[in-house]
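Enquirer: Sending over a structure as C-alpha cells; questions will come in a sec.
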Amino acid sequence: ANMMYYYGQNGAQGATAMQQGYGGQGQGMQGMTQSQQMQMAMMQQMAMQQQQQGMHPNMLAAMQQQQMAQMQHMAAMGNVGYDMGALQAAQQAVLQKAQQAQPAAPTAQPAVVSSPSNAAQLEVATVGIFLEEVAYFMEDMDHDLWWLLRMALQPAGPPAVVRGDEELQPLHPEVEAVVLKLKERADIHADAHQNQVRAKIIIIPSVDKAERQHLGSLRKLKFHCQGHIEVFPCMKEANNSAIWQGYMNSVSAMEPQWMIKSDGAGAKQVFARCAAIVPVYVDNKKKEIQLFNVWCKKRHWTFPEGDILRGADRNIYDTCRRQWKNQVGRFFGKSWSECFLAELPENANLELQSRSICSYIKLEQDGHRYPCRPHYFLQVTEDFYETTRCYEDASGVIKLPKPEGNFVNWDDLASSARRVHLEGVFFAVHDEARWVTLDYETGKIQADDSKGGLRKENADFLKLQPEKVWKWFADISGKDMVHRSSSLPDDFPEDGPFSVRMGGIDKTATDEDIENYFTERDVKVKGVEQFDVPRHTARVDFFDKASLEVALELSGHNLLRRKVKVELFTDAPDGPNAAVGAKPLKPYTGPLPDEGPFKVVCRGLDKTVTQRDLGYFFWDRDCECENVVYPLKNEKHAGTVEFKDQESLKKAMGLNSAIFKGREIQISLPTKEDNRPPVSRPSVGAGGGKGGGKGGKGGDRDVGRPFRDERPPPSRAEFGSDRPRLDLKPRSKPMPGEPGYREEESRSSGRSNPFGAAGPARDDRYKSTRADADDNWRR
C-alpha cells in the first residue's frame with residue numbers, strides 16, 4: 001500500500017516484479033540484501049520518473065541498460081554479489097509493464113495546470129524540497145522557498161544566475177494559484193508536524209503531477225554559492241531520519257557516484273554528504289608526523305572539510321578539490337598539484353593508486369544526516385610546507401595571507417554577506433591555521449598554542465588508530481607498525497563467554513533483525529536472547545574472541561529506527577529480585593560540584609512514571625530530594641531531581657543504569673545543553689544553518705545571531721475579530737465565603753511528599769498522542 005501511494009501503479013508493479021525475481025532470497029524487503037534493496041529503490045525511482053514525466057519505454061530501457069552495465073562493473077570489482085540473471089528478469093518485467101501502459105500512438109497533450117476540477121483525478125504524492133545547499137542564500141537575501149519557486153516560474157524564465165535582488169514579474173493567475181496552494185499545504189503540514197519538519201527540508205503533501213512539474217523547475221536555478229535545490233519523494237508521516245534517507249535514496253538513484261563503501265567494522269555502501277582533507281607532512285629527521293589544521297570559529301582546530309555541493313561537484317573528489325581551494329589553496333595562491341604530491345582521480349569509479357594518498361571512509365554513529373565521513377590523507381610537498389611555516393608566529397599559529405581579489409571575511413557577515421550572492425565574491429571561511437604533531441604510538445595530537453584543542457570528532461577518530469591509516473603512516477614515515485591493544489579486559493578468559501549486551505533496541509526488532517545487525521557487518525552470531533526486564537535489551541553470543549572485539553566496535557549505529565549501544569555482557573547482580581539482563585551498579589567516582597544546586601537529569605523513564613514516582617525512587621534509596629521537575633518542558637520522558645547535599649548526589653549518580661518500572665534509566669549531571677532554554681523554531685521555508693558553499697561543514701554562521709524569520713505570535717485577525725462568547729452554566733458549588741462552602745479533602749495516597757511541592761504546574765502539558773497508546777514510548 002505504501003508503494004502504491006508513494007510510487008504509483010508502475011512503481012508498485014516494478015517493486016513486486018523485482019522481489020519475485022530474486023529467487024531464494026526470501027519474500028519482501030527482509031529477504032533481500034542491502035545491495036538488492038538499493039537496486040530496488042533505484043528501479044522504483046525510474047518507474048516514478050516515468051509516471052511523473054511521461055518517460056517513454058525506450059528511454060526507460062536505455063536507463064536500465066546503463067544501470068545494468070554499472071552493476072556488472074560493481075559485481076566484477078567484488079562490491080556487489082547478487083544474481084545478474086535475476087536482475088535482468090526483474091528489469092524486463094518492469095519494461096513490459098511500462099510498454100503495456102504506453103498508448104500505441106502518442107498524441108500531443110496540452111500543458112496541465114492543477115485546478116479543483118482535475119486535481120482529484122491526478123495521482124498525488126508527498127514531496128520534500130531540499131534547501132540545505134542554498135540555506136545561506138535564503139538567510140542573507142531574506143527569501144523563502146516561495147520566492148524561489150516564483151523565480152523559477154517567471155514568464156521569461158529565470159536568470160542564468162539568481163542574485164537575490166531581482167524584481168519578480170507577476171505569474172499567470174493559474175500558476176500563482178498553484179504556488180499559493182502548495183504554500184498552504186506546506187504550512188498546514190509544518191504546524192501539525194513541528195518535530196518533523198526542518199527549516200532546510202520543506203515537506204509538501206498531496207502534490208499532483210502538474211504541481212510536481214512546477215516544483216521540478218527549482219532544480220534549474222543557479223546561484224553564486226553553487227548550491228543546488230532538489231525535489232524528492234518522501235513519506236508524509238516519516239521521521240527526520242526517514243526524510244533524510246528519502247533524499248539520499250533519490251539522489252543516489254540519479255547520481256550513484258555518491259555511494260561509497262565504508263572502511264573498518266560494519267563496512268557497507270553509504271551516501272557521502274561531506275569530505276575531509278587531511279594534509280600530512282613527514283619530518284624524516286625527527287620522524288614526526290604533522291597534520292595541517294585550520295582554525296574554526298567554533299573555537300577548535302579542524303581538518304579542511306565541508307559538504308558536497310551538487311551544483312558544482314561531480315563526485316567526492318571534486319568536493320575535496322573545491323574545499324581545499326576555498327579553505328587553503330586560494331590564500332597561498334597555490335593549485336592542488338603545488339600543494340600535494342599526487343592528484344585525485346577525475347572519475348569517481350577509479351581507485352586511488354598513489355602511495356602518497358590514503359582514504360578512510362568512517363561510518364558515523366549519528367548517521368541520518370551524515371551516514372559517513374570520508375577522510376583523505378595526502379602528503380604535501382616540501383614547498384607547501386615551507387611556505388606555510390613562513391607565516392607562523394611564536395606559538396606556531398599560521399596567519400593566512402589575504403587572498404587575491406575581493407573577498408568577504410567570516411567575521412564581516414553582518415555588512416558584507418550579501419556581496420557573496422550579488423557579486424559572487426570569495427568567502428573566506430578561515431584566517432588561521434597550524435601544523436599539529438601526531439603521536440603515532442597513542443593517536444593523540446600535540447599542539448603548543450593555547451587557543452584550543454582539535455575538534456572532538458577528529459580527535460576521537462585518531463585515537464581509534466584505524467589499521468588502514470596507521471599502516472599508511474608507518475609506510476611513509478618508516479615507523480614500526482603499532483598493533484592496537486585489545487578492547488577486552490586483561491583478565492578476560494580465553495574460553496569466553498563471548499557475549500555482548502545490546503541496549504536501546506527498537507520495539508519492532510526481532511531476533512533476526514538483531515542477528516542481521518552483526519552478520520551484515522561480517523560478524524557471525526551464535527545466539528540472541530531478548531529480555532523482558534529491562535525492556536529493549538538483549539544478550540548476543542558470538543563464536544570467538546575476534547568476533548566479540550569487532551562486535552564491540554559496532555556500538556552507536558542504527559538498528560531499524562533506534563541507535564543501539566553494544567557493550568561487554570556482565571552477569572546480573574545477585575539477589576532474589578535481580579533481573580537477568582540487569583547491569584551491575586557501580587559506585588560513582590567522577591567529579592561532583594562543590595556547591596549547589598546538586599542536580600541530576602534522568603532519561604529513559606517509562607511513560608507511566610509520575611513526578612512523585614521519580615522522587616520516591618531516589619528517596620527510597622537514601623537520597624534526600626528537595627525538588628523534582630517532571631516532565632521537562634522541552635524533553636519528554638525525562639526529568640530533573642535536585643538533592644539536599646553532595647552525598648545524596650553521589651548516591652544518585654551510582655544508580656545510573658538501574659531498572660525503574662521495567663526500564664533501564666540514564667542518570668547524568670546536567671550539561672550546558674540541559675540548562676539551555678528551548679529556542680523557537682524558524683518558520684517554514686526560512687533560511688538558516690549551514691550550506692551554500694561558504695564554509696560548509698566547518699563553520700556555523702548562526703552562533704549568537706537571532707532567527708531572522710522567527711514566526712510571530714498569531715494576531716486576533718487570524719482567528720476573527722469577534723471574541724467568541726462563552727456559554728457558562730450556573731455554579732453548582734458555593735464559592736469561598738458563601739453559605740455551604742467547605743474545603744475538600746485531598747485525594748492523595750496519604751503518603752507524605754518528602755521532596756517538596758515543587759513540580760510542573762500542570763500535569764496535562766502534553767496531550768495524548770497515538771504513540772502514547774503504545775507500550776513502547778521510544779517509537
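The values are calculated or read from the model by the stated rules, or taken from the named source; none is laboratory data. Because the structure is predicted, anything quoted here is derived from the model rather than measured. Quick reminder, even Gly has a Cβ in these numbers, built from the backbone with ideal geometry, and neighbours come from all protein chains shown. The area values use the complete protein model at the heavy-atom level, side chains included, leaving out ligands, DNA and RNA. Shrake-Rupley method; radii C 1.70, N 1.55, O 1.52, S 1.80 Å.
Enquirer: What number goes with the only condition from (1) touching a residue at least 40 places away in the same chain (Cβ under 8 Å); (2) touching a strand residue (DSSP E or B) at 6+ places or on another chain (Cβ under 7 Å) that Gly639 does not pass?
Expert: That leaves (1) as the condition not met.
Enquirer: Name the pairs whose Cβ atoms lie under 9 Å apart, with the first residue in the range 348-359 and open to solvent by 40 Å² or more (accessible area, probe 1.4 Å), the second of a type in the set (S, T, N, Q) and assigned to a loop (DSSP other than H, G, I, E, B), and 6 or more positions between them or separate chains?
Expert: Asn349/Asn315
Enquirer: Just for the range 515-561: of the residues that are among the small types (Gly, Ala, Ser) and over 29 Å from the mean Cα position of the chain (by Cα), which one is modelled with the highest pLDDT?
Expert: Once the filter is applied, the top-ranked residue is Gly527.
Enquirer: Output the residues belonging to the range 437-455 that are of a type in the set (Lys, Arg), open to solvent by 40 Å² or more (accessible area, probe 1.4 Å) and modelled with pLDDT of 85 or more.
Expert: Lys444
Enquirer: Which of the residues spanning the range 337-365 are within 30 Å of Val564 (Cα to Cα) and of a type in the set (Ser, Thr, Tyr)?
Expert: Ser359, Tyr360
Enquirer: Can you name the residue in the range 159-191 that is in contact with a Pro (Cβ under 8 Å, 6 or more places away or on another chain) and in a helix (DSSP H, G or I) and, of all such residues, is nearest to Ile203 (Cα to Cα)?
Expert: Of everything passing the filter in the range 159-191, His189 is nearest to Ile203 (Cα to Cα).
Enquirer: Separate question: Restricting attention to the range 371-389, which residues are free of Cβ contacts under 8 Å to residues at least 24 places away in the same chain and crowded, with 18+ Cβ neighbours inside 10 Å?
Expert: Of everything in the range 371-389, nothing turns out to be free of Cβ contacts under 8 Å to residues at least 24 places away in the same chain and crowded, with 18+ Cβ neighbours inside 10 Å.
Enquirer: Here's another thing I want to ask about it. Restricting attention to the range 390-404, does a residue exist that is within 31 Å of the chain's Cα centre (by Cα), touching a residue at least 40 places away in the same chain (Cβ under 8 Å) and either open to solvent by less than 40 Å² (accessible area, probe 1.4 Å) or farther than 30 Å from Leu554 by Cα (or both)?
Expert: Applying the first criterion (within 31 Å of the chain's Cα centre (by Cα)) to the range 390-404 yields none.
No.
Enquirer: Looking at the range 276-326 only, could you name the residues that are crowded, with 23+ Cβ neighbours inside 10 Å and aromatic (Phe, Trp, Tyr)?
Expert: The answer is Phe292, Trp301, Phe303, Trp324.
Enquirer: Within the bounds of the range 371-384, is there any residue that is of a type in the set (Phe, Trp, Tyr), at negative phi and assigned to a helix (DSSP H, G or I)? Before the answer, list the steps.
Expert: Restricting attention to the range 371-384, the residues satisfying the condition of being of a type in the set (Phe, Trp, Tyr) are 376-377, 384.
Checking the rest, the ones that are also at negative phi come to 376-377, 384.
Subset that is assigned to a helix (DSSP H, G or I): 384.
Among the residues of the range 371-384, at least one is of a type in the set (Phe, Trp, Tyr), at negative phi and assigned to a helix (DSSP H, G or I), which makes the answer yes.
Enquirer: So which residues in the range 227-243 are open to solvent by 10 Å² or more (accessible area, probe 1.4 Å) and over 16 Å from Glu255 (Cα atoms), if there are any at all?
Expert: If the condition is that a residue be open to solvent by 10 Å² or more (accessible area, probe 1.4 Å) and over 16 Å from Glu255 (Cα atoms), then Met235, Lys236, Glu237, Ala238, Asn239, Asn240, Ser241, Ala242 are the ones that fit.
Enquirer: Looking at (1) over 21 Å from Ala210 (Cβ atoms); (2) out of contact with any Gly (no Cβ under 6 Å at 6 or more places or on another chain); (3) touching a residue at least 40 places away in the same chain (Cβ under 8 Å), which one does Glu167 not meet, given that it meets all the others?
Expert: So the condition that Glu167 fails would be (3).
Enquirer: Which of the strands (runs of 3 or more DSSP E) contained wholly in the range 490-553 include at least 3 residues that are under 18 Å from Asp571 (Cβ atoms), open to solvent by less than 60 Å² (accessible area, probe 1.4 Å) and in contact with a Phe, Trp or Tyr (Cβ under 8 Å, 6 or more places away or on another chain)? First the steps, then the outcome.
Expert: Values: elements: 499-503, 525-531, 537-542.
Where strands (runs of 3 or more DSSP E) fall fully within the range 490-553 and carry at least 3 residues being under 18 Å from Asp571 (Cβ atoms), open to solvent by less than 60 Å² (accessible area, probe 1.4 Å) and in contact with a Phe, Trp or Tyr (Cβ under 8 Å, 6 or more places away or on another chain), they are 499-503, 537-542.
Enquirer: Within the range 140-158, take every residue that is assigned to a helix (DSSP H, G or I) and touching a residue at least 24 places away in the same chain (Cβ under 8 Å) and give me the one that is nearest to Ala414 (Cα to Cα).
Expert: Per the criteria, the residue is Asp140.
Enquirer: Under 6 Å by Cβ, and 6 or more places apart or on different chains, what pairs join a residue from the range 526-542 that is touching a residue at least 12 places away in the same chain (Cβ under 8 Å) and more than 24 Å from Phe660 (Cβ to Cβ) with one that is of a type in the set (Lys, Arg) and open to solvent by 40 Å² or more (accessible area, probe 1.4 Å)?
Expert: Going by the 6 Å Cβ cut-off, the qualifying pairs are Asp541/Lys526; Phe542/Lys526.
Enquirer: State whether the residues of the range 601-616 include one that is farther than 28 Å from Gly503 by Cα and open to solvent by 40 Å² or more (accessible area, probe 1.4 Å).
Expert: Our first condition is that a residue be farther than 28 Å from Gly503 by Cα; within the range 601-616, this holds for none.
Taking every residue of the range 601-616 in turn, none turns out to be farther than 28 Å from Gly503 by Cα and open to solvent by 40 Å² or more (accessible area, probe 1.4 Å).
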